[in-house]
Amino acid sequence: MERIAIYPGSFDPVTMGHLDIIERGLKLFDRIIVTILCNPAKRYLFSAAERMEMLEDSLSGFKGVEVDQYDGLLVEYARRRNAHAILRGMRAVSDFEFEFQMALMNRKLNREIQTVFLMTSLRWIYTSSSIIKEAVRFGGDIRDMVPELVFHKLRERFGEDRMSG
């Protein structure tokens, strides 16, 4: 039986930390479906279509990875996609409480789907999409924290004069 995991997130934008979790997750799973959350209550910097484009470009060299999007219950989506696991990355203890609550709720909703946590590599432990957007807003150089296309999209969005590089 193929081991399939769902790796959900907003990916607004995708970071090198996300790619690290996917690369390491492929050592545990045969296939990972990287799934963009579509939450109408949230405000995103990039549209779902832009996030799909950036993810597909960033993951083009990865075998066993698919990009998709969903709205609704994650465990229902996982069931429809024949996934047996939800893959989540954790950077620090501060991530644990929220992730633990979500894992318990998902387990309550569907006992067949397990949540697997991977600790972010030390190199990316401080990296998040929110922090990257904040750094860019104030002219920080984030070139080595995001894939090349994401860097260029951020330059377009915030203006080249705001970003180093």
If Ile22 meets every condition in (1) part of a loop (DSSP other than H, G, I, E, B); (2) out of contact with any helix residue (DSSP H, G or I) (no Cβ under 7 Å at 6 or more places or on another chain); (3) under 19 Å from Leu149 (Cβ atoms) apart from one, which number is that one? (1)
Please enumerate the residues belonging to region 13-51 that are more than 25 Å from Arg123 (Cα to Cα), in contact with a strand residue (DSSP E or B) (Cβ under 7 Å, 6 or more places away or on another chain) and surrounded by 17 or more Cβ atoms within 10 Å (Cβ to Cβ). Leu37
Which condition breaks for Val14 when tested against (1) among the hydrophobic types (A, V, I, L, M, F, W, C); (2) farther than 16 Å from Met119 by Cα; (3) more than 13 Å from the chain's Cα centre (by Cα)? (3)
For region 1-12, give me each residue that is of a type outside the set (A, V, I, L, M, F, W, C) and surrounded by fewer than 18 Cβ atoms within 10 Å (Cβ to Cβ). Glu2, Arg3
Hits in region 37-54 (condition: in contact with a Lys or Arg (Cβ under 9 Å, 6 or more places away or on another chain) and charged (D, E, K, R)): Glu50, Glu53
(1) surrounded by fewer than 13 Cβ atoms within 10 Å (Cβ to Cβ); (2) over 29 Å from Phe158 (Cα atoms); (3) not polar (S, T, N, Q) all hold for Tyr126 apart from (2)
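Every read-out reported here was derived from the displayed coordinates using simple, explicitly stated rules and does not represent laboratory data. Since the structure is predicted, the reported quantities are computational estimates derived from the model, not experimental observations. All Cβ positions, even for glycine, are placed from backbone atoms using ideal geometry, and neighbour counts span all protein chains on display.
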